[in-house]
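Since the structure comes first, as structure tokens, the remarks are kept for the end.
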Amino acid sequence: MIDVDYYSFRQLLKQAADRGGRIEKRDTERWNAYVKEHNINETGARAIAATRFESPTSVIISLGGDSDGLYVYSDMEEGCLRLVYQT
């Protein structure tokens, strides 16, 4: 998990919502398909985020670019983490 500038993330999140690339956990079908396709360790990401944020929220951004992936953020703490894999 890497730190992401919260305010840049909020702009990206709005752009994703406007373009249909915001996937929330409640959109179970799209969420599960993305997690499976990209082999995302969602549980691990949330566990790490829970050490930083009191009430983390997970969201997937899927716009077909470098910013795609799983993000965990907190509006209360104005923080954001992104799951990245080291190769």
Where a residue in the range 1-20 is on the phi < 0 side of the Ramachandran plot and outside any strand (DSSP E or B) and its partner, wherever it lies, is among the hydroxyl-bearing types (Ser, Thr, Tyr) and open to solvent by less than 50 Å² (accessible area, probe 1.4 Å), with Cβ under 6 Å and at least six apart
LEU12/SER67
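Are any residues in the range 5-23 aromatic (Phe, Trp, Tyr) and loosely packed, with under 14 Cβ neighbours inside 10 Å, and if so, which ones? Let's see the steps before the verdict.
To start, the set of residues in the range 5-23 that are aromatic (Phe, Trp, Tyr) comprises 6-7, 9.
TYR7 - this is the single residue of the range 5-23 that is aromatic (Phe, Trp, Tyr) and loosely packed, with under 14 Cβ neighbours inside 10 Å.
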Scan the range 41-51 for residues that are closer than 13 Å to TYR71 by Cα and either open to solvent by 80 Å² or more (accessible area, probe 1.4 Å) or at pLDDT 95 or above (or both) and report the count.
4
Report yes if some residue within the range 5-15 is at pLDDT below 95 and touching a strand residue (DSSP E or B) at 6+ places or on another chain (Cβ under 7 Å); otherwise report no.
no
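Return the total of residues in the range 26-50 being part of a helix (DSSP H, G or I), under 20 Å from TYR73 (Cα atoms) and of a type outside the set (Asp, Glu). Walk me through how you get there before you give the answer.
Residues of the range 26-50 that are part of a helix (DSSP H, G or I), as a first pass: 28-37, 42-50.
Then drop every residue that is not under 20 Å from TYR73 (Cα atoms), which leaves 28, 30-32, 34-35, 42-50.
Now narrow it down to the ones that are of a type outside the set (Asp, Glu): 28, 30-32, 34-35, 43-50.
The total comes to 14.
When you scan the range 24-40, do you find a residue that is in contact (Cβ under 8 Å) with a residue 40 or more places away in the chain and either open to solvent by less than 70 Å² (accessible area, probe 1.4 Å) or basic (Lys, Arg) (or both), even just one? Talk me through it step by step, then tell me what you get.
In the first step, residues of the range 24-40 are kept if they are in contact (Cβ under 8 Å) with a residue 40 or more places away in the chain; the result is 40.
When the remaining residues are screened for being either open to solvent by less than 70 Å² (accessible area, probe 1.4 Å) or basic (Lys, Arg) (or both), the result is 40.
So far as the range 24-40 goes, yes, one or more of its residues are in contact (Cβ under 8 Å) with a residue 40 or more places away in the chain and either open to solvent by less than 70 Å² (accessible area, probe 1.4 Å) or basic (Lys, Arg) (or both).
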Please specify each residue of the range 60-75 satisfying the condition of being open to solvent by 40 Å² or more (accessible area, probe 1.4 Å) and in contact with an Asp or Glu (Cβ under 8 Å, 6 or more places away or on another chain).
SER62
Looking at (1) part of a helix (DSSP H, G or I); (2) buried (at least 17 other Cβ atoms within 10 Å of the Cβ); (3) not hydroxyl-bearing (Ser, Thr, Tyr), can you tell me which one LEU81 breaks?
(1)
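The values are calculated or read from the model by the stated rules, or taken from the named source; none is laboratory data. It should be emphasised that the depicted structure is a prediction, and the values quoted were computed from it without experimental measurement. When we count neighbours, we look across all protein chains shown, and the Cβ atoms used for this are built from the backbone with ideal geometry, even at glycine. Surface accessibility is based on the protein's heavy atoms, side chains included, excluding ligands, DNA and RNA. Shrake-Rupley method; radii C 1.70, N 1.55, O 1.52, S 1.80 Å.
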